[in-house]
1. Go through region B:95-116 and report how many residues are free of Cβ contacts under 8 Å to residues at least 12 places away in the same chain and either more than 8 Å from chain A (Cβ to nearest Cβ) or assigned to a loop (DSSP other than H, G, I, E, B) (or both).
2. Looking at (1) touching a residue at least 12 places away in the same chain (Cβ under 8 Å); (2) over 29 Å from B:Ser248 (Cβ atoms); (3) crowded, with 21+ Cβ neighbours inside 10 Å, which is the only condition B:Thr375 fails?
3. Which pairs do you get when a residue that is over 16 Å from A:Tyr229 (Cβ atoms) and in contact (Cβ under 8 Å) with a residue 12 or more places away in the chain, found in region A:1-27, comes within reach of a residue that is part of a helix (DSSP H, G or I) and among the aromatic types (Phe, Trp, Tyr), reach meaning Cβ atoms under 7 angstrom, with the pair 6+ apart or on two chains?
4. Name the pairs whose Cβ atoms lie under 8 Å apart, with the first residue in region B:117-130 and more than 7 Å from chain A (Cβ to nearest Cβ), the second of a type in the set (Asp, Glu), and 6 or more positions between them or separate chains?
5. Would a scan of region B:250-264 turn up a residue that is part of a loop (DSSP other than H, G, I, E, B), touching a residue at least 40 places away in the same chain (Cβ under 8 Å) and aromatic (Phe, Trp, Tyr)?
6. Given (1) of a type in the set (A, V, I, L, M); (2) more than 27 Å from A:Ile309 (Cβ to Cβ); (3) at pLDDT below 90, where does B:Leu103 come up short, assuming only one miss?
7. Please specify each residue of region A:173-196 satisfying the condition of being small (Gly, Ala, Ser) and within 19 Å of B:Met297 (Cα to Cα).
8. For the subset of region B:79-94 comprising residues that are assigned to a loop (DSSP other than H, G, I, E, B) and surrounded by fewer than 14 Cβ atoms within 10 Å (Cβ to Cβ), which member is farthest from the other protein chains (Cβ to nearest Cβ)?
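The values are calculated or read from the model by the stated rules, or taken from the named source; none is laboratory data. Everything numeric here is computed off the predicted structure, so don't read it as measured data. Glycine also receives a Cβ, built like all others from the backbone with ideal geometry; neighbour counts cover every protein chain displayed.
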Amino acid sequence: VDLVRLRAVARKEWTQLRRDTRSMLLAFVLPLFMLLFFGYAITWDVRDIPLAVLDQDRTPESRALVDALMASGYFSVREELDGAAALDQRLVGDDVIGALWIPPGYARALLAPERSAEVQLLLDGSDANTATIALNYADAIVVRHAARMRIAERSGAPPVVLETRTWYNPNLESRHMIVPGLIAVIMSIIAAMLTALTIAREWERGTMEQLAATPVRRFEVVLGKLLPYVAIGLFDVAVTVVAGWLIFDTPVRGSIPLLGALTLLFLIGALGLGIFISAAIKSQVLAMQIAMVATYLPAVLLSGFMFDIASMPAVLRAVTLLVPARYYVSVTRGIFLKDVGLEVLWPQALLMLVYAGIGLGLATRAFRKELAA
Amino acid sequence: VSTDGRLALLRIRRMIAKELRQLFRDPRSKRVMFVAPIIQLVLFGYAVNTDVRNVATAVVDHDRTPESRELVAALTSSGYFRVVATSDRPADLGRALDSGRALVALEIPPGYARDLSAGLAPAVQLLVDGTNSNTATVAQGYALRIVADLGARASSLVHGTPRGDIDLRARAWFNPSLESRVYNVPAVIGVIVLLMSLLLTALAVVREREVGTLEQLLVSPLSAGELILGKTIPVAAVALVQMTLVTSVALLWFDVPLRGSVATLVLAAALFIVAGLSLGLLISTVSATQQEAFLAMFLFLLPAIILSGFLYPIDTMPELFQRLTLANPLRHFLEIVRAIFLRGAGIPELWVQFTTLGGMATAGLALATWRFQQTLSR
């Protein structure tokens, strides 16, 4: 690699990029905008789950149970029903997610020895996610409520106490999990998008022959084209990390130099993939379609940002190894929230290194074929 | 039909033939159009799973008694927890969480069995990795319930059922086992169809401009409306085929139940596809270069996915964003597909979503035609 030629290619690419004001604006402003937009919009914290209540017992005990659910802040009563028929009707509409049914005789069963009082929670399972969370909250609240009553009546303390402590994100704020993941997803999409057209464009505009006529080597072209984008990517990550920290209070507990180094590795791999697609496919339309299909949804769905990779089937887990965002999501979450270093992240670092090498290699090879043609 | 009408039809037919030839000329794009959606649905259908099962658990049991083992067995036999590591050093629990090998760590104190039989309420510690707040909440809830049940059983052996025990029976409608896949796969269909509709149209006009064939269209006798129709009809047909393909995969491969009528689903798909295509055309007429169109499409797609209720419930968004989602065709389409698939709903329950989507499709098409006229007259 000749540094002078490399610099020349990088400068040419930079000049071309700078002239395209709209692209520049997007490259610099888009990530920050998206982080702000989604950081505010997205939350998984389920609060005020709308419930309908059918209390056929109408005793102080049954009201105490309803109050316990409401006091938690997780549920709010939208409607008091007065008959079992209304209950079945309720869930078909979408203004409540569940219905609590306290059958007659609840208080009697509660106070009688050898019996446990039964209450029913009917849930709209068509949103399985919210329903599961609602069920869990209700369950935990009812268990605690029963335990508290037992203590109040001195009928004995609960037999086992489960003390739970949550690490890394003690208040279980979904934002702390979303912001680091979001930075990784945004950057991997932007990386592919920025470079997916860079070589196909030269080809369609006919400047490819000019490039071929220069004494620049193929690898130098690929690397030179990569450099301006790497710089933009690093800048974007820095801005979004600072914004996440200032605006969303997302802690950055780990080492910042390590984050920088791993970001660099990740960017080279992701950008290299874009250049490879662009070089292998000469048409801008097709390159765009392939880049979109290959990077966009995989970055959102297969990176572990949304869905735990551990709970995917083995074949799919193997497929996720091809998604660079996957490594970077682990890196950002690990460094932001867990304060871990290379002792934990080395597999990710190693695989990103391999990815970067393969990305650059493939891009250079695909590019070589074209110049020969 | 008047001669003018017949001529217009003929012109549109020719235009459609030309567009189809262009669409299918490159064999590689056929693969992108018809194979990619299927692969995507299969991959993502497996990925979109938020069910919390087999949570990786690390255990430190200081007590080592039949009772403490029973506690661990109660957790694992529920199917919700799976022991991945056991150790006798508490420090290992922290390491297992740090490395991500375990999501929860259980520590049973020495003297657990003794305290339990003496009625002293031994405290068991559960450490939870809160990075994924969703999984953490659910796993914690399961553990609480399992331990409470176990404790109740243990103490009822001694004293009979204590007073004040409440049994919460849950029953979920429409999706009794609360499988997240059944809820998410129909949504993936919507996202894939939107992505493909945009991909097919976002470059349609701007490419003609960059390649220089827009002038040729300009001197042809086709009007702006006819051009738009000629561009939309073939792409809409391709998108409908894609929709059929991915829906078949969802039904046959993932066993997602389709409780509503196919006709309602097709109508919804047609409206949604037209809305998506006209958005793509709009992007295409507004952009100066293909790269710009690409960026604009990108700019639209991520918010459209995130503000659709696909991944994140809309109810928990701030007011302003909830209102923004109303402008998102994907949101309405997802409400429709989920309701048709899971609840067997029909047009009477969904007429609001249907009219909104229909309105968006009409307005989008009109706007794209108007923009296109502007482009042509320039």
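1. First pass over region B:95-116, keeping only residues free of Cβ contacts under 8 Å to residues at least 12 places away in the same chain: B:95, B:98-99, B:114-115.
Filter once more, keeping what is either more than 8 Å from chain A (Cβ to nearest Cβ) or assigned to a loop (DSSP other than H, G, I, E, B) (or both): B:95, B:114-115.
Residues flagged as free of Cβ contacts under 8 Å to residues at least 12 places away in the same chain and either more than 8 Å from chain A (Cβ to nearest Cβ) or assigned to a loop (DSSP other than H, G, I, E, B) (or both) within region B:95-116 amount to 3.
2. Only one criterion in (1) touching a residue at least 12 places away in the same chain (Cβ under 8 Å); (2) over 29 Å from B:Ser248 (Cβ atoms); (3) crowded, with 21+ Cβ neighbours inside 10 Å is unmet by B:Thr375, namely (3).
3. A:Val1/A:Phe219
4. Hits for this filter: B:Ser117/B:Glu67.
5. Within region B:250-264, one or more residues are part of a loop (DSSP other than H, G, I, E, B), touching a residue at least 40 places away in the same chain (Cβ under 8 Å) and aromatic (Phe, Trp, Tyr).
6. Evaluating B:Leu103 over (1) of a type in the set (A, V, I, L, M); (2) more than 27 Å from A:Ile309 (Cβ to Cβ); (3) at pLDDT below 90 leaves (2) as the failure.
7. Start the filter on region A:173-196 by keeping residues that are small (Gly, Ala, Ser), which leaves A:174, A:181, A:184, A:188, A:191-192, A:196.
Across region A:173-196, the qualifying residues are A:Ser188, A:Ala191, A:Ala192, A:Ala196.
8. Restricting attention to region B:79-94, the residues satisfying the condition of being assigned to a loop (DSSP other than H, G, I, E, B) are B:79-80, B:88-89.
From the residues that got through so far, the ones that are surrounded by fewer than 14 Cβ atoms within 10 Å (Cβ to Cβ) too are B:79, B:88-89.
Details: B:Gly79: 13, B:Asp88: 20, B:Arg89: 17 Å.
Filtering region B:79-94 for residues that are assigned to a loop (DSSP other than H, G, I, E, B) and surrounded by fewer than 14 Cβ atoms within 10 Å (Cβ to Cβ), the one farthest from the other protein chains (Cβ to nearest Cβ) comes out as B:Asp88.
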